[in-house]
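Right, one structure below, let's go through it.
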Amino acid sequence: MGRVADNAADAELLDKAGRGDEAAFLLIYERHRTPVFRFAYRLLGSVPLAEDVTHDCFLSLIRRPHGYQPDRASLRTYLCAAARNLALKQMGRHRLETAVDEPPERRDDDRGADPLGRCLEGELAEGVRRAVSELPPLQREAVILFEYLEMSLAEVAETLGVDVGTIKSRLHRGRERLRRTLAPRLAEMSVSRAAERRA
């Protein structure tokens, strides 16, 4: 299905859900819960708060199904914009600055990989998460939507309510900051791997 057809299908499901069709709501929820939760988690750095935001986001959607306009944006974009507003309220209440919980992403237990390699990759992943969480909020949300949720520039702009040029600028500044933050760690890991290979 193309994007227009996807939007129309979501709008139809949402209309049914608004009239009490539980199966239609569950289908929407299953289709869009993960990206909304991940976005909220990466903004807030807390699983419980991200779950609250996700729950409130879908509750709001079902209460006001006609707030979504399929000719303007995808339902994922609409939900992420709603999640962003809810997350900003949470941030105002809790003043979270860094991620504390482990993200609830499945990790494959690759027993064939060398333990040092797994350890270093785990450290790098944690370092990246920390670096992203320390970006200024406007850069952080642009990076999360574009890099992690793989939204187009236009979708990110729609979600955040700004123009594409602004998004490009925030992404550029965010990536540069990440590069500066992570460069020393990457160099250190490269030295560790080289030492392990020589041993």
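Per-residue Karplus couplings for region 152-161, computed as 6.51 cos²θ - 1.76 cosθ + 1.60 with θ equal to phi - 60°, are listed in order as 6, 4, 5, 5, 5, 4, 5, 4, 8, x Hz, Gly and Pro entered as x. A dipole drawn for region 1-97 from +1 and -1 charges on Cβ atoms has a positive end, and of 65, 88, 47 the residue lying farthest that way is 88. For region 1-97, the dipole from Cβ point charges (+1 on Lys and Arg, -1 on Asp and Glu) about the Cα centre works out to 380 debye, to the nearest 20. Mean separation of Cα pairs under 8 Å and 6 or more residues apart, divided by the residue count, gives region 1-97 a relative contact order of 36 percent.
With neighbours defined as other Cβ atoms within 10 Å of a residue's Cβ, the residues 163, 52, 10 order from fewest to most as 163, 52, 10.
Peptides 12-21, 151-160: what's the order by average Cβ count within 10 Å, highest mean first? Intermediate values should be presented prior to the final figure.
Numbers: 12-21: 15.6, 151-160: 19.8.
Going from most to least packed, we get 151-160, 12-21.
Here, each number is a calculation from the coordinates, and none is a lab measurement. What you see is a predicted model; the values in this text were computed from it and never measured. Virtual Cβ from ideal backbone geometry, glycine too; neighbours counted across all protein chains shown.
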